[in-house]
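Let me begin by presenting the structure, written as structure tokens, before commenting on it.
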Amino acid sequence: MNDLKERTIRGGFARVCSQAANFLLRIGSLMVLARLLEPKDFGIVGMVTALIGVLNLFRDFGLSTATVQRKTVTDEQISTLFWINMLVGTVLAVISVAVAPFVAAFYHEPRLIGVTMAMAAGFLFNAAGVQHSALLQRQLRFTALAIIDCSSIFVGIAVAISMALAGYGYWALVAMTIIPPAVSSICFWCLTAWIPGIPSKQTEIRSMLRFGVTITLNGLIVYIAYNLEKVLLGRFWGPTALGIYGRSYQLINLPTENLNSAASGVVFAALSRLQDDPNRLKSYFLKAYSLVLGLTMPCTIVFALFANDLIGVVLGPKWKDAVPLLHLLAPAIVVFGLINPFWWLHISLGMVRRSLQVAAVTGSLVIAGYLLGLSHGPKGVAFGYSAVLTLWAIPCLAWCVHGTLISLRDIILTASRPLLSTVAAAVIAIGVQAFLGQSLSQLPKLVLEVTVLLGAYVGILFYVMGQRAVYWDLLRGLRRRSPVGDSLVSA
């Protein structure tokens with residue numbers, strides 16, 4: 001426990017580097033595939049993922065989270081959970097194949113039958129690696145996890161680009177979806193060298209199953225709330241509208257999604273080890289919250305402010321309808337950055353019911369918002385999405401911290417520094433943008449705009465908001481070497 005801080009910092013750094021690499025890989029793949037494929041190709045795959053993607057929530061039944069959150073866990077328990085995961089994965093694959101004709105009928109698109117059946121394989125690949133990945137996470141071996149994550153995505157992208165060049169169209173996107181989980185599961189098995197044993201009925205896993213079921217239900221609510229609009233757009237506005245909306249959402253959400261994903265596993269694992277030390281848990285959470293907001297907020301504003309240049313450089317001229325969508329979705333993504341980290345706090349403390357309640361109310365409000373805007377197409381959906389989340393942000397934050405050692409004042413104070421720094425930097429960047437006008441082509445203009453905004457942001461955050469010491473502390477933690485930690489299973 002004494003070296004937890006250094007191990008967490010080093011693990012977090014590895015995860016951030018991994019997500020940065022993933023971000024570059026995804027942006028690079030988008031730039032290439034958006035030029036090789038049509039918006040309709042993305043829409044076809046998006047139709048399937050929006051519907052059967054909900055099954056992904058059941059692929060590990062929350063059991064990997066239960067494995068990490070437990071103070072101690074035995075080999076028999078892990079083996080039993082592994083076989084439960086495999087059973088669930090098989091059932092999901094069968095369901096996916098069975099519903100393929102219905103998916104095609106719902107969208108009036110016969111090509112979706114083959115796509116849906118092919119994507120069923122992903123459930124089996126994911127199930128095979130869930131517990132092996134959880135074991136690595138318990139050990140805080142995030143460098144290894146980061147390397148595997150990047151490698152699997154790289155392989156998937158390489159295959160997808162090769163298929164797109166060969167003229168396979170939307171099948172290239174299908175391959176990019178199912179190949180990474182296959183590659184990562186193979187790597188997890190090789191790295192852990194753990195072979196699951198025979199499942200045991202005598203193993204005490206009921207509490208872990210209850211925990212996992214609640215986590216799964218939470219994820220189901222969140223998924224429906226944040227993906228139903230894609231189903232509706234595909235059904236009522238067609239694959240082209242969905243393709244443009246889906247890429248816009250993916251693009252502006254990439255920084256927040258990647259950075260939260262990078263921090264989530266590390267911070268959750270660390271907080272789970274501090275359940276009996278509330279003061280340290282509060283300190284760790286607020287520092288992690290500050291760092292994640294400090295990275296996500298300026299990145300989101302970059303995507304919103306420079307949407308025209310960004311879309312031109314990343315996706316190309318045929319995607320110009322995505323520009324207003326980036327503007328409209330930006331407030332929603334900022335709110336995501338504020339509220340998503342509370343999942344770490346609630347789950348690490350075992351407050352799964354609170355997390356479920358927050359998800360249910362937030363999801364209901366979000367659905368109501370974009371249903372009101374659906375008649376106006378993608379723009380109406382994006383506006384409704386952001387309007388509702390913006391109004392809900394402060395009440396949601398107050399509810400999230402209620403009953404914990406953390407106060408709403410702590411959260412507002414922590415969030416205000418990166419938020420005010422981002423606003424001030426954005427004003428400076430807008431001035432530079434107006435001065436430049438059309439004097440530069442899109443790529444050099446975008447580079448200059450981003451450099452000015454991020455440079456101004458770092459200067460204001462460090463020297464005006466006094467956050468320099470926080471980041472220096474991170475660097476010192478990275479320099480310290482910590483011993484290898486716990487045993488594979490019982491840690």
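The values are calculated or read from the model by the stated rules, or taken from the named source; none is laboratory data. None of the values given here were measured: they were computed from a predicted structure. Cβ coordinates were reconstructed from backbone atoms using ideal geometry, including for glycine residues, and neighbour counts include every protein chain displayed.
General remarks:
The rows are residues; the columns are (1) more than 30 Å from residue 112 (Cα to Cα); (2) at pLDDT 90 or above; (3) part of a helix (DSSP H, G or I).
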{"site": "242", "(1), (2), (3)": "no, no, yes"}
{"site": "269", "(1), (2), (3)": "yes, no, yes"}
{"site": "275", "(1), (2), (3)": "yes, no, no"}
{"site": "280", "(1), (2), (3)": "yes, no, yes"}
{"site": "303", "(1), (2), (3)": "yes, no, yes"}
{"site": "309", "(1), (2), (3)": "yes, no, yes"}
{"site": "326", "(1), (2), (3)": "no, yes, yes"}
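- The residue list 232, 259, 217 contains one member that is within 25 Å of residue 366 (Cβ to Cβ) and modelled with pLDDT of 85 or more, which is 232.
- Filter result for the condition that a residue is over 21 Å from residue 423 (Cα atoms), small (Gly, Ala, Ser) and over 22 Å from the mean Cα position of the chain (by Cα), over 384, 312: 312
- Odd one out for residue 420 among (1) of a type in the set (A, V, I, L, M, F, W, C); (2) under 30 Å from residue 77 (Cα atoms); (3) at pLDDT 90 or above: (2)
- Against the test of being surrounded by fewer than 22 Cβ atoms within 10 Å (Cβ to Cβ) and more than 23 Å from residue 258 (Cα to Cα), the options 158, 193, 164, 144 yield a single qualifying residue, 193.
- Scanning the stretch 1-56 for residues that are among the basic types (Lys, Arg) and over 30 Å from residue 236 (Cα atoms), we see that the one that is modelled with the highest pLDDT is 15.
- Verdict on residue 393 being closer than 13 Å to residue 339 by Cβ, modelled with pLDDT under 95 and assigned to a helix (DSSP H, G or I): yes
- No other residue among 355, 386, 364 is in contact (Cβ under 8 Å) with a residue 12 or more places away in the chain, surrounded by fewer than 18 Cβ atoms within 10 Å (Cβ to Cβ) and part of a helix (DSSP H, G or I) apart from 364.
- Count of the stretch 398-423 residues which are under 30 Å from residue 308 (Cβ atoms) and surrounded by 16 or more Cβ atoms within 10 Å (Cβ to Cβ): 6
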